[in-house]
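The values are calculated or read from the model by the stated rules, or taken from the named source; none is laboratory data. A quick note: this is a predicted structure, and the numbers were derived from the prediction, not measured. Backbone-built Cβ (ideal geometry, glycine too); neighbour counts: all protein chains shown. Accessible surface areas use protein heavy atoms only, side chains included; no ligands, DNA or RNA. Shrake-Rupley method; radii C 1.70, N 1.55, O 1.52, S 1.80 Å.
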Amino acid sequence: MARVAIVGSYGVGLTVELDRVPDAGETVIGRTFRRDHGGKGSNQAVGCARLGAEVDFLTAIGDDAFGHDALALWAAEGVRADAVIADAATMVAPILVEPGGVNRIVVVPGALEQLSRGHVDSFAERIAAADICVVQLEIPLDTAVYALEVARRAGVRTILNPAPAPVEPIAPVVDYVTPNETEAAAVSGAHGTFVLTLGEQGAQIGDERVPAFPANAVDTTGAGDAFTAAFAVALAEGLTDLEAVRWGCAAGAHMVEHPGVVPGLPTRAQLEARLAAVPA
């Protein structure tokens, strides 16, 4: 069984669907509201577990209702979570979704700001035992980069999903970087293989373009998380880089057809069915 270690975020998505986002100082009426499990680290951990990987996850949550819900989620999904209980609120992310699935997201880190190098050190054995380590940037940048360093010292391949994009450009040493077009400039100096996700245009690795899978998009939230999770599991199982990108594109297509992130993360059977429907 493939084993994936993830150092990243958990948070709660507070999603409003509306006809258009408000201008400065304007109030508009939304159409629907829902509360969802979120955070890129947690999304990717659940995504990897659903695809059959053994998952270890390091994050920070508050001692609050949102944090307690997170523990229940990971138990139900089979994710082994090392959750640091911080003296701050669990991260929240208000999300505005317009018709066609275009979204705007604001992240309030809360407990995640307390995730430190020391916590990564306590998680180091889990990282060393993994086939691949995945990190995102909703946690402190220093902690994220340190987690990559710990993994590389242990001989574990690494994936950086640089979301949200850092304010100042960074150039970490990493095996794979999975930015979208908005995030790419902030990590252009990274030392690793770039896998550029292109939404409806699929993804690109080196000179190779992998086309997107057919999908009727209703909500693009979490598409990058589904992509990164499937990409990570494929690599951990020994597939080629190009095959792993194709897995990522298939998972992203499945995701955008579902409102909310966790409900849209594909199972192994769902991913394999989509891959089979569009021969390589």
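Filtered by the rule that a residue be touching a Cys at 6+ places or on another chain (Cβ under 8 Å) and open to solvent by 20 Å² or more (accessible area, probe 1.4 Å), region 120-179 gives a lone residue, R157. Any residue in region 206-232 that's without any contact (Cβ under 8 Å) to a residue 60 or more places away in the chain: show its pairings with residues that are open to solvent by 20 Å² or more (accessible area, probe 1.4 Å) and of a type in the set (K, R) at Cβ separation under 7 Å, as long as the two are six or more apart or on different chains. What qualifies is V210/R246.
Looking across region 181-193, the residues that are among the hydrophobic types (A, V, I, L, M, F, W, C) and open to solvent by less than 60 Å² (accessible area, probe 1.4 Å) come down to A184, A186, V187, A190. Quick check on my filter: what residues within region 198-247 are open to solvent by 10 Å² or more (accessible area, probe 1.4 Å) and touching a Pro at 6+ places or on another chain (Cβ under 7 Å)? V218 - this is the single residue of region 198-247 that is open to solvent by 10 Å² or more (accessible area, probe 1.4 Å) and touching a Pro at 6+ places or on another chain (Cβ under 7 Å). Beta carbons closer than 9 Å, at least 6 apart along the sequence or on distinct chains, pair a first residue in region 236-247 that is farther than 16 Å from P279 by Cβ with a second that is of a type in the set (D, E) and open to solvent by 50 Å² or more (accessible area, probe 1.4 Å) for A236/D131; E237/D131; G238/D131; D241/E208; A244/E237.
The rows are residues; the columns are (1) within 14 Å of G110 (Cα to Cα); (2) at pLDDT 95 or above.
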position	(1), (2)
G30	no, yes
R35	no, no
F57	no, yes
I61	yes, yes
